[in-house]
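The values are calculated or read from the model by the stated rules, or taken from the named source; none is laboratory data. These numbers were taken from a predicted model, which means no experiment stands behind them. A quick note on method: Cβ atoms are made from the backbone with ideal geometry, for glycine too, and the neighbour counts reach across all protein chains shown. Heavy atoms of the whole protein, side chains included, go into the accessibility calculation; ligands, DNA and RNA do not. Shrake-Rupley method; radii C 1.70, N 1.55, O 1.52, S 1.80 Å.
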Amino acid sequence: MPDSLVFNNGTWIQVQGASASNLPTRDITVEAWVMLQNSTRWGGIVGYVEDNGAYERGFVLTYHNSKFGFAVSTSGNLPYLYGGPDYEFGVWYHVMGTWDGADIALYVDGLMVESQPLSGSAISYPDASYNTIMTIGSY
């Protein structure tokens, strides 16, 4: 097994110093190598996100049930993009989400598996009252 971090039993990493003021406002690419050992309804790989249903801001590279996904907020909601084949447990995948101001796309192992138009002038980040943090290994 290559050098890696193992997250289990609710462990995750907080990225120190990350805030809306020093994150990309546009043209974002988020990527990671991941191997999942189980599934969850809303799993986070990496993100800076607030999603409480009524208030959705930020971005997140995620997995949900058996698919990888990516979401970016540009207008107060998080349109989630899921696609590709069902992932298998115990297999390494390279997962990447991109947004270029016009389209959002999801790649798995170098292949674009889903894309759709997503216009906007900038990423809508949570305001300071939410105390949002950037995480790796958590939604």
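Summary of values
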quantity: Residue within region 103-118 that is within 20 Å of residue 12 (Cβ to Cβ) and open to solvent by 70 Å² or more (accessible area, probe 1.4 Å) present; calculated: no
quantity: Region 63-83 residues that are under 10 Å from residue 97 (Cα atoms), paired with ones that are assigned to a loop (DSSP other than H, G, I, E, B) (beta carbon under 7 Å, 6 or more apart); calculated: 68/84; 68/87; 71/78; 71/79; 72/118; 72/123
quantity: Residue list for region 119-139, restricted to those being surrounded by 13 or more Cβ atoms within 10 Å (Cβ to Cβ), more than 14 Å from the chain's Cα centre (by Cα) and at negative phi; calculated: 124, 126, 130, 132
quantity: Residues of region 6-23 classified as open to solvent by less than 60 Å² (accessible area, probe 1.4 Å), closer than 25 Å to residue 35 by Cβ and either part of a loop (DSSP other than H, G, I, E, B) or not aliphatic (A, V, I, L, M) (or both), total; calculated: 1
quantity: Which listed residue is on the phi > 0 side of the Ramachandran plot, out of contact with any Pro (no Cβ under 8 Å at 6 or more places or on another chain) and not β-branched (Val, Ile, Thr), from 53, 97, 58, 44; calculated: 53
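Matching residues to (1) modelled with pLDDT under 90; (2) in a strand (DSSP E or B); (3) in contact with a helix residue (DSSP H, G or I) (Cβ under 8 Å, 6 or more places away or on another chain):
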| position | (1), (2), (3) |
| --- | --- |
| 78 | no, no, no |
| 107 | no, yes, no |
| 113 | no, yes, no |
| 123 | no, no, no |
| 129 | yes, no, no |
